[in-house]
Structures are given as structure tokens and as C-alpha cells.
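Read the structure below first, then the notes.
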Amino acid sequence: MNHDESLLRAVTRRHFFSRCSVGLGSIALSTLLADRGIAASPTTMRNPLEPKPPHFPAKAKNVIFLFMAGGPSQLDMFQYKPMLAKLNGKPIPESYTAGKRFAFMDTSNGSNLLGSAHTFKQYGDSGAWVSDLMPHTARIVDQLTFLSTCKTDLFNHAPAKLFMNTGTGQFGRPSMGAWITYGLGSECDDLPGFVVLLSGPRGPRGGAVLWGSGVLPTTYQGVPLRNQGDPIVNLSTPPSVSEPEQRRVVDAVRELNLKRLVETGDEEIATRINAYEMAYRMQTSAPELMDVSGESQETLNLYGIADPKETSFARNCLLARRLVERGVRFVQLYDTNWDHHGGPTENLQKHLPQKCKDVDQPGAALVRDLAQRGLLNDTIVVWGGEFGRTPMGEVRESTGRNHHIDAFTMWFAGGGFKPGYTHGLTDEFGFGAVENPVHVHDVHATLLHQLGLDDQRLSVRRQGLEFRLTGVEPARVVKELLA
């Protein structure tokens, strides 16, 4: 039987069984859904987020990505450049800028080198360099893996965020969290497999596509949880509706969706069915998750949480720990306002210290808390943004730094990454890598590898194209970053 004959037979069978009135609809439903691997019977839908085996033995189970949206300045936090400080205000050597393009800067028009105004020291047995902006992070450097030579392709915020999160600057591709939950499912029955938490004065540029599912079913997209009111809008049952009444409504909608699924075979209808069931379960699980009043005062102090009800990056870090405790596969925290050029709302000297204060203690506390609870071995914590900042100053109302894609810093903790290790070396000004450059796609491949996923096998074919997080060309697992 050729492909066309097989397709015609399947469609004809679906049409007959779904419309006949002799009680064979359940048989059709069982057969069609079993063929698609999404149901065992008309009354027991398989959860598409149920745990799936990895491609090979994994070193980690979960990921928490602390995303500093806007491009944090690696040269003021993690990359000590004494020559840059020595030549502060001097012209840039042309050899460093020839052929390079910067987002909002004409290097031929008097942009000079900008040394950091902050003091750097070496910490821990590893001797990692950290500035006085990050004192709490400095205390855990022996638990961290620093990557100093990360390189990306795009230098404007929204496309660069897309690239870091989806592997491309184009809309409509699955995010990293969607790929991972697609590949592994989730170990949590009553919360989404991929959760997003936001802090800062606004959402990240690019919006929901940063945690979207793209060509994958929408069940794998990230679900943002709100810190105030219902964790998800309209999650609570209206006071006038009893629990048995709500259950009857959910069951009725489910049956209608099942009937439509038989008629069309559309996998998005299966996603819709599971979304209703998940929402029903989350009416209990989500409020319990968001209520941190049961945490000890010692834990709240560790994260620097003064008010447990206040929306903050600190509270989101604590929630991230609570989420992985409950088996959520991928948690992404977006903290915005890291875009420090030199304008009145982007002042490097004024606003960067405040942003560092917002995230330094909570980020370090998360690593410590996970370690104390025996969760760090199974959880990868990632810290970074969409790109870094230039070694030269950008003069506006005050001097700031421009976007820089050739060498910026990320750090990792747990999940089989090598603790107390710094990978890569940049030149004396921090323009680019002189040893061990690592592309964003290599970071993606390495994270997938630690979760037991082969980036080349984690793919989906749509409209004749093969989609992967790491793109068309094979990426490299950076074994040097791993223990």
C-alpha cells in the first residue's frame, strides 16, 4: 500500500466511525488515538507531559535559567581587565574594531575605551575574578562554572533573546524549555512542565515567543505564573460554581473535544483536553506553590526576601526551587532592565549596581539552597543574558556600554557541570576570545547533553523541514565545562 492509499484509508475509517450511529465511535477513538500515541482509551487520555526516557543516561533532570534580559555587563561583574582600566578614556586600537559592527555606535567617531569603575578580587580555591557588585556570588564561585567566551549572532535585543532561547532569530520556533519538555516530559502532574516567572518593570522584549512552543504542540510552551492575584488569570472557580458542577463542565467539554479529535485527528485538540485537566488540577496546586508563608525565616533571609508577598527576583528564585522540588522540568526567570547604555534610564553607573543588588543574593541563595536540599546534582542553574557589553564607552547623558556579541559571560551550577572552573579567555580589553570560543548553539547542545538528549535527535519535521534547537549545522557539546 502506498502513502496516498494509506492516508485515504485512515481518513475514510475516521469519517465512517465518527459519523455512524451504531456505537462504534469509542472503537474509532481508541484506534485513532492509540495510532497517534496520545490515548489508550476514550476515557483515559495520556498526558503528553508524562516522563519520557532520555536518549542516553542523564546527569540532570531539571533546568532553572536565570535570564538577565537586556545584556548584563560582563566587564563590570566577571571579567577583570586591568589594561582596560589603565587605558580608560583612550582611543580604541583599530585592530580590535576593524570589520566589526556595533548596534548603536560608530567606532570611527571618537568612542573610547571604558574601564570598569568597580573593584575586582579573586575568590575561592578556584581564584575566579568577581567584582564588588556581586559579593554573594563571589562566595559560591567554587560551585560555579564560568564561561567567559560565549558568542552569539544577533546584536539587537528581541532577536538576540530569541536566538538565546530558541536557537534562531526567527519567530515561530520552539523555545529551549519547550524542546526539553517535549523530549523528556515532566515529573509533575499538577503543574506545567515549563514555567516562566517575571520580575522587573516590564516584560522582556520579544514577549511570549521567548517561551513559546513554535512548531511543537502548545502543551509544551512556557506558562507564566503571576505573583499577585490568581497565578494564572481566571484560574479560580467563580464563587457561584460548586466543585461538582465544575467537574461536570470540564467532563462535558472534554467529551466534546474527544469527539472533535476523532473527526479531525488534530493534535492541538489533544493539547486542549490536557490543558483543561491541568487547569483543573492547578486550582489547588498553583496557589499552594505561590504561598511561601510556610518557608522558614532562615530561608527567607537567605534569599533576601523582606516581604513574602512582594513580587521580586528573590521571591521568584525561591519559587524556582519549589517548582523543581515538585518535578517541574524547566523554570525560566526573566529579570528585565539590564540595558545600560548611558541614557537617563540606562545609566551604567547608577542602574547596574541596583540590578546587581536585585539578583546577586537571590541567585547565590538558590544555588546554596538547592545544594543544601540535595537538589543541585539533578538541577542545572544557568545565569546569563542575550549578549554582553562593549569595552568602549557610549557617551549619552552619561557614559554607558553598547551591545556586544563576541564574548560575554554565563555561569552554570549543578547538573554535572565542573565546579570551580572558568572556561575561555578573552583579549586584554575583552573584545573577543583568544582561547576557547563557545557559540550559543554549543551551550544549547551541552545543556541538552546533560539532560540525556542528543541535539541532533531532538528534532521535529514540519512542512518538509527538520527543526532543532541547535539549527542545521551540528553543534558541539563543550565537554570541558563538564565534570
With Rg from the Cα atoms and Rh as the Kirkwood inverse mean 1/r over Cα pairs, region 123-232 has an Rg/Rh of 1.05
Would you check the accessible area of residue 129, probe 1.4 Å, heavy atoms only, in square angstrom rounded to 10? 90 Å²
Listed residues 125, 132, 142, 335 arranged by accessible area, highest first, probe 1.4 Å: 125, 132, 142, 335
Quick one: order 218, 137, 284, 119 from most to least accessible surface, probe 1.4 Å. 284, 119, 218, 137
If r is the Cβ-Cβ distance from residue 288 to residue 434 and R0 is 41 Å, what FRET efficiency results, to the nearest 0.05? 0.20
The relative contact order of region 293-370, taking Cα pairs under 8 Å that sit 6 or more residues apart, comes to a percentage of 37 percent
Counting other Cβ atoms within 10 Å, keep those with at most 15, restrict to DSSP loop, and tell me which trypsin sites (Lys or Arg not before Pro) in region 156-221 are left. 202
Working with all protein chains in place, sort 259, 151 by solvent-accessible area computed with a 1.4 Å probe, largest first. 259, 151
Would you tell me the accessible area of residue 434, worked out with a 1.4 angstrom probe on the heavy atoms of the protein chains, in Å² to the nearest 10? 90 Å²
Tell me, in nm to one decimal, what length is gained between residue 373 and residue 476 on full extension, where the rule is 0.36 nm per residue of separation less the Cα-Cα distance? 33.9 nm
Tail weight of P(r) past 27 Å, computed on alpha-carbon pairs of region 283-430, percent: 34 percent
Provide the per-residue ³J(HN,Hα) series for region 337-342, in order, calculated from phi with Karplus coefficients 6.51, -1.76, 1.60 and θ = phi - 60°, each as a whole number of Hz, with x at glycine and proline positions. 5, 9, 8, 10, 7, x
Cross-link pairs 59/121; 161/479; 61/479 - those with Cα-Cα distance over 21 Å: 59/121; 161/479
Using only the Cα atoms of region 347-443, build the gyration tensor, take square roots of its eigenvalues as a ≥ b ≥ c, and label the shape rounded, prolate or oblate: rounded if a/c is under 1.5, else prolate if a/b is larger than b/c, else oblate. oblate
Report the net charge of residues surrounding residue 472, where surrounding means a beta-carbon distance below 12 angstrom and charges are Lys +1, Arg +1, Asp -1, Glu -1. -2
Please report the net charge: other residues with Cβ closer than 13 Å to the Cβ of residue 204, K and R +1, D and E -1. 0
Region 175-226 and region 431-467: distance between their alpha carbon centers, rounded to Å: 18 Å
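The values are calculated or read from the model by the stated rules, or taken from the named source; none is laboratory data. Being a predicted model, the structure only gives us computed values, none of them experimental. Don't worry about glycine lacking a Cβ; one is built from the backbone with ideal geometry, like all the others, and counts go over all protein chains shown. These area figures cover heavy atoms from the full protein model, side chains too; ligands, DNA and RNA do not enter into them. Shrake-Rupley method; radii C 1.70, N 1.55, O 1.52, S 1.80 Å.
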